[in-house]
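The values are calculated or read from the model by the stated rules, or taken from the named source; none is laboratory data. The model shown is predicted, which means the values in this text are computed figures rather than measured ones. Neighbour counts are summed over all protein chains in view; Cβ atoms, including those assigned to glycine, are modelled from backbone coordinates with ideal geometry.
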Amino acid sequence: MTDTVDKTPAASVPPEQIKAIPVRHYGRWVAAAVVIAVLVLIGVAFSNANINYGVVPDYLTDGTILSGAWHTLYISVLAMALGLVLGVILAIMRMSSNPVTSTVAWFYVWFFRGTPVLVQLLLWYNIALVFPILNLGFYKDEMNQVMTPFLAALLGLGLNEAAYMSEIVRAGIQSVDEGQTEASHALGMTQGKTLRRVILPQAMRVIVPPTGNEFINMLKTSSLAYVVQFNELIKRATDISSTSLAVVEMYFVASIWYLLLTTIFSIVQYYIERRYARGSSRSLPPTPLQRLRRNLSQWASFRRPEVAR
Amino acid sequence: MSSLVKDITPPSSGAPMVKAEGVHKSFGLAHILKGIDLEVLPREVFCLIGPSGSGKSTFLRCINHLEKISAGRLYVDGQLVGYRQHGDKLYELKEKEVAAQRRDIGMVFQRFNLFPHMTALENVMEAPVQVKGESKAVARERAQRLLDRVGLGDRTGHYPAQLSGGQQQRVAIARALAMQPKLMLFDEPTSALDPELVGEVLDVMRDLAEDGMTMIVVTHEMGFAREVGDSLVFMDDGVVVESGHPRDVLTNPQHDRTKSFLSKVL
């Protein structure tokens, strides 16, 4: 009884805050100074280099460069789409109980992952050496007419990507708990419906981050398509530099465009990941946009009482 | 009090809901079930107990063909499970036909196996819409009613990760009931739950039993088996050791193996 009487007033007195001298982290100051010094040196070296930075902004929105950026963007999107669709098919083939399909899928991945993309691009471009005539029954033409730089780039990049995507998709599907399949089957769902409604949506959480990575890789790997005369960014930059003599400057221009494209798609990826994170954690952190909006409204609500006075 | 089951599908006849004749199951060299014979009558609560590895969960999974039996015959509501018999030849059922058989058999798992990317309501709606082709409105209405009935009417928008184990298992029961099954299989439904959450799940199962649902329950909850069960089977090492009314088997076991098992769990 007396205990409770004693404790009640004691609890209302706030405890004395600890006032201690914090540990000094001298190492951190040294590390920061070293890093800044190195950065300054690099900056100075680049600014004193024999590079005409003045032309970079001029060429950034040059028509040829813009068309190159557009070609890079669309070949990347199309090759990625091809890789994604084919990758899903290959992953399902690989996991099927049919030994022929799973062996073929394994062989595909082994070959396309094991040889350089550059070689694959050149092979497609020169496929006329193997098949001089393309004969689809309803359509017949010389292969050299059919295999345009665009088609060679699409097949070279897309089929290579499919090998990587199939491994990513397979990992995603296998990451889903087997209990999910059992529960769906017990409810009377067929294999196909289980895959579509239950397994793939959950596998997406595992598939999306490395796929984003692959896409960003693809934006840059597509530069290899210049060897098949596809008019992407690097090819266009080289075209200009061969007449303007601003070689390194044009690579800077191209790099700025690559950075811009990868930045945009990193942001897109962030939102796609959130979409497939539904139900995975108790509450999702707010997006930068939501954070900004909330901060603005808080700021507004802080201001309001002052206005009222 | 509204009932959990609106209208239980009446059994086709007075015949047993589940009938097992010499059911064997092997995984490679491991012989799990060694000749199970038993009958489960309509509206009966049939409890399966036994030590782990005795084959009781495997037998339960054979009933809805999640596992293929290696020998014997297994019937649900007079229909052979997973096969069709023409003369003296057995034909494996196609995937779609197996799926159709499973529609009428609800199953509740030890680890819930709710779909984590769907809310509680979506979990319950999924199978009626996707499998039976019901309209979303009808499915939603029934899902809401079932979730109300298992005491989760205010949690419909929650994802499984936002629910406790007991709540998840009640959603799982509602999900199975949404298909209006004629038989419910429970595979150790309370084994993965914290002790204080076991009661809420058993309460729902007790209500379901009172509504006349035919239930086969693999369980370690001897109290539930004694109070709610109509029949009880003790399995060990792939065979039925002893069966009878739960009160008789639990209080007056005849076999030594049953005695030694019960002395450890009671």
Checklist entry - So which residues in region A:114-151 are modelled with pLDDT of 95 or more, assigned to a loop (DSSP other than H, G, I, E, B) and not β-branched (V, I, T), if there are any at all? => result A:P116
Next on the checklist: Please pick out the residue among A:V198, A:V208, A:V268 that is more than 14 Å from chain B (Cβ to nearest Cβ) and among the hydrophobic types (A, V, I, L, M, F, W, C).
Outcome noted: A:V268
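Determine, yes or no, whether A:S223 is more than 31 Å from the chain's Cα centre (by Cα) and in a helix (DSSP H, G or I). So that I can check it myself, show each step before the final result.
Working: more than 31 Å from the chain's Cα centre (by Cα): no; in a helix (DSSP H, G or I): yes.
Against the criterion (more than 31 Å from the chain's Cα centre (by Cα) and in a helix (DSSP H, G or I)), A:S223 does not qualify.
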Item to check | Any hit, region B:169-176, residues being touching a Leu at 6+ places or on another chain (Cβ under 9 Å) and away from every other protein chain (no Cβ under 14 Å) | outcome: yes
Next on the checklist: Suppose the filter is in contact with a strand residue (DSSP E or B) (Cβ under 8 Å, 6 or more places away or on another chain) and within 14 Å of another protein chain (Cβ to nearest Cβ); does A:A183 pass it?
Outcome noted: yes
Item to check | Pairs where the first residue, in region A:82-110, is modelled with pLDDT of 95 or more and the second is not in a helix (DSSP H, G or I), C-beta under 8 Å, 6+ apart | outcome: A:S102/A:S96
Item to check | Of all residues making up region A:228-242, the number that are over 24 Å from the mean Cα position of the chain (by Cα), over 15 Å from A:A79 (Cβ atoms) and either in a helix (DSSP H, G or I) or charged (D, E, K, R) (or both) | outcome: 5
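Give the residue, chosen from B:M205, B:M235, that is in contact (Cβ under 8 Å) with a residue 24 or more places away in the chain and within 18 Å of B:I36 (Cβ to Cβ).
On the way: B:M205 fails: within 18 Å of B:I36 (Cβ to Cβ).
Only one candidate passes the filter, namely B:M235.
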Next on the checklist: Among the residues that make up region A:207-223, is at least one of them charged (D, E, K, R) and within 24 Å of A:G156 (Cβ to Cβ)?
Outcome noted: yes
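Identify, from the list A:L259, A:L245, the residue that is exposed (fewer than 13 other Cβ atoms within 10 Å of the Cβ) and at pLDDT 90 or above. Write out each step before concluding.
Values: A:L245 fails: at pLDDT 90 or above.
Unique residue meeting the criteria: A:L259.
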Checklist entry - Hey, does region A:61-80 have a residue that's farther than 30 Å from A:T238 by Cβ and at pLDDT 95 or above? => result no
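Run down B:G35, B:G55 and say which single residue is more than 13 Å from chain A (Cβ to nearest Cβ), more than 25 Å from B:P160 (Cβ to Cβ) and surrounded by fewer than 20 Cβ atoms within 10 Å (Cβ to Cβ).
On the way: B:G55 fails: surrounded by fewer than 20 Cβ atoms within 10 Å (Cβ to Cβ).
Being more than 13 Å from chain A (Cβ to nearest Cβ), more than 25 Å from B:P160 (Cβ to Cβ) and surrounded by fewer than 20 Cβ atoms within 10 Å (Cβ to Cβ) holds for just one of B:G35, B:G55, which is B:G35.
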Checklist entry - Among A:T211, A:T221, which is the only one that is buried (at least 20 other Cβ atoms within 10 Å of the Cβ), polar (S, T, N, Q) and touching a residue at least 60 places away in the same chain (Cβ under 8 Å)? => result A:T211
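Taking strands (runs of 3 or more DSSP E) that fall entirely within region B:61-165, which contain at least 2 residues that are more than 8 Å from chain A (Cβ to nearest Cβ), touching a residue at least 12 places away in the same chain (Cβ under 8 Å) and over 24 Å from B:S191 (Cα atoms)? Step through it out loud before you land on a result.
Numbers: elements: B:71-76, B:83-86, B:89-92, B:105-108.
Output list reads B:71-76.
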Next on the checklist: Can you go through B:V228, B:V204, B:V198, B:V217 and tell me which one is within 12 Å of the chain's Cα centre (by Cα), away from chain A (no Cβ under 14 Å) and among the β-branched types (V, I, T)?
Outcome noted: B:V217
Checklist outcome for this item: All conditions in (1) under 15 Å from the mean Cα position of the chain (by Cα); (2) surrounded by fewer than 21 Cβ atoms within 10 Å (Cβ to Cβ) are true of B:V76 except (2)
